[in-house]
1. Report yes if A:V143 is aliphatic (A, V, I, L, M), closer than 26 Å to A:W47 by Cβ and surrounded by fewer than 19 Cβ atoms within 10 Å (Cβ to Cβ), otherwise no.
2. Could you say which residue among B:L128, B:L115 is under 25 Å from B:K179 (Cβ atoms), part of a helix (DSSP H, G or I), at the interface with chain A (Cβ under 9 Å from one of its Cβ atoms) and at pLDDT below 95?
3. How many residues are crowded, with 21+ Cβ neighbours inside 10 Å and either farther than 20 Å from A:G34 by Cβ or among the β-branched types (V, I, T) (or both) if we restrict to the range B:36-47?
4. Here are some conditions: (1) within 14 Å of chain B (Cβ to nearest Cβ); (2) assigned to a helix (DSSP H, G or I); (3) modelled with pLDDT of 80 or more. A:F135 meets all but one. Which one does it not meet?
5. Are there any helices (runs of 4 or more DSSP H) wholly within the range A:3-61 with 3 or more residues that are more than 8 Å from chain B (Cβ to nearest Cβ), without any contact (Cβ under 8 Å) to a residue 60 or more places away in the chain and closer than 18 Å to B:L178 by Cα, and if so which?
6. Can you name the residue in the range B:131-174 that is surrounded by fewer than 18 Cβ atoms within 10 Å (Cβ to Cβ) and among the polar types (S, T, N, Q) and, of all such residues, is nearest to the other protein chains (Cβ to nearest Cβ)?
7. From the list B:Y30, B:Y39, pick out the single residue that is assigned to a helix (DSSP H, G or I), at pLDDT 95 or above and closer than 28 Å to A:R183 by Cβ.
8. Since A:W47 meets every condition but one in (1) exposed (fewer than 10 other Cβ atoms within 10 Å of the Cβ); (2) at pLDDT 70 or above; (3) under 42 Å from the mean Cα position of the chain (by Cα), which condition does it not meet?
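The values are calculated or read from the model by the stated rules, or taken from the named source; none is laboratory data. Note that this is a predicted model, so its numbers are computed, not measured. Glycine gets a Cβ as well: all are built from the backbone with ideal geometry, and neighbour counts include every protein chain shown.
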Amino acid sequence: MNDELSDYMDGDRELEELSPEARAEAEAWRRLTGELKADEPKQAPPWMENAVMSEIALAEAPRVNVFDWLLRPRELRLSPLASLAMAAAVVALFVMVPNRVPVTPPPGPVAVTQILVEFSLEAPGATTVAVAGDFSGWETNFVLEDADGDGIWTGRVPITPGLHKYMFVIDGTDWVTDPGAQRYADDGFGNRNAVLAVAPPRTL
Amino acid sequence: MSTEELSDGEVVREILGGQREMYRVLVRRYQDVLYRHAYRMVGQPDDAADIVQKTLVSGFQKLNRCRDPERVGGWLFRIAANLCKDFLKSPRRADLSIEGASATVIDRSRPDVDLEREELRERVQQALERLSPEQREAFVLKHLEGRSYGEMATLLGASKSALKMRVLRAREELQTLLKVYQ
């Protein structure tokens, strides 16, 4: 790649300053990067926010690392008088602070929030449809209903916030992946589980 | 004051103070820019989404290690950039890209102009996949994201001259792979 084209690509030279050959090459590069940019998505998928918030609801909370904070280098400017006052305060701290024994709060019941999630599957001709997932221990306890006989089976299931895998079970034997799931994950046996992100109740 | 008006540093302090839900503010602010970068790096929407999700979850878990909370966006970007490079270096990815290349189907029913553009994009994507992860990252940041060498140096922790050389090598490699001037 010649120098004038390199300078242009790095923003150090204008297109008008290039020789005709270099300008043609520059145009080719511009077309190439333009095509790449035209093809790309502009936004993260809509499920991202809730998926992240569901996952961090179960994660250990980050805590301020006191030692890290104390050891972090920082610039401190003090007048001689202020330095003396600070030294006196540090000495006073060591002299006056009584020994404290950390107290662990007694263990108590932890409230587990559950969110009602509605499942639906179009399965005309099915006799029974259930949903099974990690939230049910993969048992088919949660049975969907098709009250009006239109072939669309629905049912509500209480689920704790977080990421959950599930499948539909038709007529007790056919395990079917949800065609309208937010996401999918391999189950390790050649099939795909649907993945559901359940966000905690919003308090923001 | 609404949460949108809070600075990044204020949001981080709230989260570290126990307001976990405030992390939603950072997710909203940075998910799109992280996703665009991840997509440009790995070329597949699902893989890019996985990387961004991992980035944001990992960012929450390690938030206490963010040295400059006012620049938490750049810190998250570095996590994403590293995950993208790890992904491109993983052996599983190498196997997948071979399968993917042979499975590409172009819709022949579309007009020739679209077909040409589709083929060009496909060729460029395949050429980008053959760059080293570091070269690809440098090319993406410079020519697809339009960043200055100064910004790139801050984001990646490399010198401007080293990055300039990396971008040059990436362009030369692409030029050879694409033979765009023939």
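1. Numbers: aliphatic (A, V, I, L, M): yes; closer than 26 Å to A:W47 by Cβ: no; surrounded by fewer than 19 Cβ atoms within 10 Å (Cβ to Cβ): yes.
No, not satisfied.
2. Details: B:L115 fails: at the interface with chain A (Cβ under 9 Å from one of its Cβ atoms).
Sole residue among the options that is under 25 Å from B:K179 (Cβ atoms), part of a helix (DSSP H, G or I), at the interface with chain A (Cβ under 9 Å from one of its Cβ atoms) and at pLDDT below 95: B:L128.
3. Number satisfying all stated conditions: 2.
4. Of the numbered conditions (1) within 14 Å of chain B (Cβ to nearest Cβ); (2) assigned to a helix (DSSP H, G or I); (3) modelled with pLDDT of 80 or more, the odd one out for A:F135 is (1).
5. Values: elements: A:3-9, A:20-38, A:48-58.
Output list reads A:20-38.
6. B:S148
7. Working: B:Y39 fails: at pLDDT 95 or above.
Exactly one of B:Y30, B:Y39 is assigned to a helix (DSSP H, G or I), at pLDDT 95 or above and closer than 28 Å to A:R183 by Cβ, namely B:Y30.
8. Here A:W47 clears every test but (1).
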